[in-house]
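Working notes for the structure below.
The values are calculated or read from the model by the stated rules, or taken from the named source; none is laboratory data. None of these values were measured; they are calculated from a predicted model. Cβ: placed from backbone, ideal geometry, glycine included. Neighbour counts: every protein chain shown. Just so you know, the surface numbers come from the protein's heavy atoms only, side chains and all, with ligands and any DNA or RNA stripped out. Shrake-Rupley method; radii C 1.70, N 1.55, O 1.52, S 1.80 Å.
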Amino acid sequence: MADDYLVRIGRLIRDARQHRGWTQAQLAEALGTSQSAVNRIERGNQNISLEMIARIGEALDSEIVSLGYAGPMHLRVVGGRRLSGAIDVKTSKNACVALLCASLLNKGRTVLRRVARIEEVYRLLEVLGSIGVRTRWINDGVDLEIVPPAELELAAIDAEAAVRTRSIIMFLGPLLHRMDRFKLPYAGGCDLGTRTIEPHMIALRRFGLEVAATEGQYHAEVDRSVRPDRPIVLTERGDTVTENALLAAARHDGVTVIRNASSNYMVQDLCFFLEALGVRVDGIGTTTLTVHGVPTIDVDVDYSPSEDPVEAMSLLAAAVVTESELTVRRVPIEFLEIELAVLEEMGLDHDRTPEYVADNGRTRLVDLTVRPSKLEAPIDKIHPMPFPGLNIDNVPFFAAIAAVAQGKTLIHDWVYDNRAIYLTDLNRLGGRLQLLDPHRVLVEGPTRWRAAEMMCPPALRPAVVVLLAMMAAGGTSVLRNVYVINRGYEDLAERLNSIGAQIEIFRDI
């Protein structure tokens, strides 16, 4: 029991240190001790006094460590406030996790600029660190440096961190080039119902990868004699499926054609990154990708992921739901054009600047200013489609937007089994949402929001939708256990506070 307690404290200290952007050496210097001592503490291999816990908490400015153990993070929201000013969109969460997986292709040094500092990224960094990849935050914790070892130590993989992220599935593509046999923990992530990995398996079998799932692990074997001798046709146009196929094709010594590929934002970012590694990719932005692979990649690369269109949609929805005038800067407009067309049909008053280029030199950005508007329910239903259709991850935000519009809006969230169900949590805040079946919700507006205390839905986007509704509701609301929001958003509460929200972070002691 004592050992478990030390391991738990060590993990809390490690997470707080990484959140601060410090190395073990920096923490050791602040404490006046050695890096090896910090390493032992974080691994739970050293007894630690209450005085030392307090010193570490002070050094890291972390309530988690100062308390030794704290309950989940919660948000207290004082609603009914108008937002104002301007806010920048952060880099794409989904692009960043794909690029972290893609760094395993490279024997050289990878630097990723302005990486999203979110729980999903932290979990992947823990996994990478556990198998010998050296990562560190540089440039005042803004950018991330990744240096792989000569040989990966997969036997030492941090299974606990791995099962908390679905992104671990994208290790399959890079690893099949590095070893003949390996094991990975099952993929985790949001609770969105059954999400089969069979499309991944169908694509990767063409590179000789066979996977058996037993005892909570994927057991992978690679047959080097198998090569993709004809185009790979993906059985679903999924983002991570396309990314896995791209990662496998990048180091295949030959030309791989991938059809029915996703052309979504994170896939395009991965293609741009592969080109920086020396891999030629034809057809970027289309559903047919032709990859000219190279057997060895050993380059020092510096890349800037583009901005996140789903976060941009979150911020636009925040302005709409709170009836605010807000400027959202650095919006990747190519990936929000359908959403804006629907909002224009509903009556949204907004304007946009001329386009300019993102730091990756490819993605088109604009600044959008949204004003309070009298919205009407759209004539047609809201439903997602693969890019260039309405983004799957943006559908939940239309539940909150439809709730403030006049009339009834049908939302058909056909992709995930459970997500539409979580949208009915808005009824706790005064919404009028009727669940027609596991995929369809009828939303009636306008809504008179009211404050409430409730648990956070276990899915990322519905959780943020509930938070936005709380910001619109007069009075004080409480949203409990918001880890899922931190998986996909960096400092969301603080950033919303910077434009006029009043959100307090607190924990149970």
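Name the pairs: first residue in region 416-444 and at positive phi and in a loop (DSSP other than H, G, I, E, B), second residue open to solvent by 40 Å² or more (accessible area, probe 1.4 Å) and not acidic (Asp, Glu), Cβ to Cβ under 7 Å, at least 6 apart or on different chains?
Close Cβ pairs satisfying both conditions: 430/448; 430/450.
How many residues are under 17 Å from residue 247 (Cβ atoms) and either open to solvent by 40 Å² or more (accessible area, probe 1.4 Å) or among the charged types (D, E, K, R) (or both) when one looks only at region 295-334?
Summing the residues that are under 17 Å from residue 247 (Cβ atoms) and either open to solvent by 40 Å² or more (accessible area, probe 1.4 Å) or among the charged types (D, E, K, R) (or both) in region 295-334 gives 4.
State yes or no: is residue 324 touching a residue at least 40 places away in the same chain (Cβ under 8 Å), hydroxyl-bearing (Ser, Thr, Tyr), outside any helix (DSSP H, G or I) and in contact with a Lys or Arg (Cβ under 9 Å, 6 or more places away or on another chain)?
In short, yes.
Across region 189-219, which residue is surrounded by the most Cβ atoms within 10 Å (Cβ to Cβ) among those that are at pLDDT below 90 and part of a strand (DSSP E or B)?
218
Considering region 251-272 alone, what residues qualify as being more than 18 Å from residue 96 (Cβ to Cβ), touching a strand residue (DSSP E or B) at 6+ places or on another chain (Cβ under 7 Å) and open to solvent by less than 20 Å² (accessible area, probe 1.4 Å)?
256, 258, 261
Inside region 452-476, can you point out the residues that are farther than 16 Å from residue 318 by Cα and not acidic (Asp, Glu)?
Selection gives 452, 454, 455, 456, 457, 458, 459, 475, 476.
Counting just the residues of region 267-294 that are touching a Phe, Trp or Tyr at 6+ places or on another chain (Cβ under 8 Å) and in contact (Cβ under 8 Å) with a residue 24 or more places away in the chain, which one comes out farthest from residue 241 (Cα to Cα)?
The extreme case among them is 276.
Going through region 365-380 one residue at a time, which ones are free of Cβ contacts under 8 Å to residues at least 40 places away in the same chain and touching a strand residue (DSSP E or B) at 6+ places or on another chain (Cβ under 7 Å)?
366, 376, 378
Filtering region 486-509 down to residues that are closer than 23 Å to residue 84 by Cβ and β-branched (Val, Ile, Thr), which residue is most open to solvent (accessible area, probe 1.4 Å)?
505
Pick out the one residue from 144, 152 that is at pLDDT 90 or above, assigned to a loop (DSSP other than H, G, I, E, B) and surrounded by 15 or more Cβ atoms within 10 Å (Cβ to Cβ).
152
I'd like the full set of residues that are under 14 Å from residue 383 (Cα atoms) and among the basic types (Lys, Arg), limited to region 411-440.
Passing the criteria: 419, 440.
Starting from region 6-19, take each residue that is free of Cβ contacts under 8 Å to residues at least 40 places away in the same chain and list its partners that are assigned to a helix (DSSP H, G or I) and β-branched (Val, Ile, Thr), counting only C-beta distances under 6 angstrom and pairs at least six apart or across chains.
10/41
Could you list all residues from region 338-349 that are in contact with a Pro (Cβ under 7 Å, 6 or more places away or on another chain) and either aromatic (Phe, Trp, Tyr) or within 15 Å of residue 317 (Cα to Cα) (or both)?
Result: 338, 342, 346.
Taking the conditions exactly as written (in contact with a helix residue (DSSP H, G or I) (Cβ under 7 Å, 6 or more places away or on another chain) and open to solvent by 20 Å² or more (accessible area, probe 1.4 Å)), does residue 240 satisfy them or not?
yes
Being under 16 Å from residue 341 (Cα atoms), small (Gly, Ala, Ser) and modelled with pLDDT under 95, is that true of even one residue in region 406-421?
No, region 406-421 contains no residue that is under 16 Å from residue 341 (Cα atoms), small (Gly, Ala, Ser) and modelled with pLDDT under 95.
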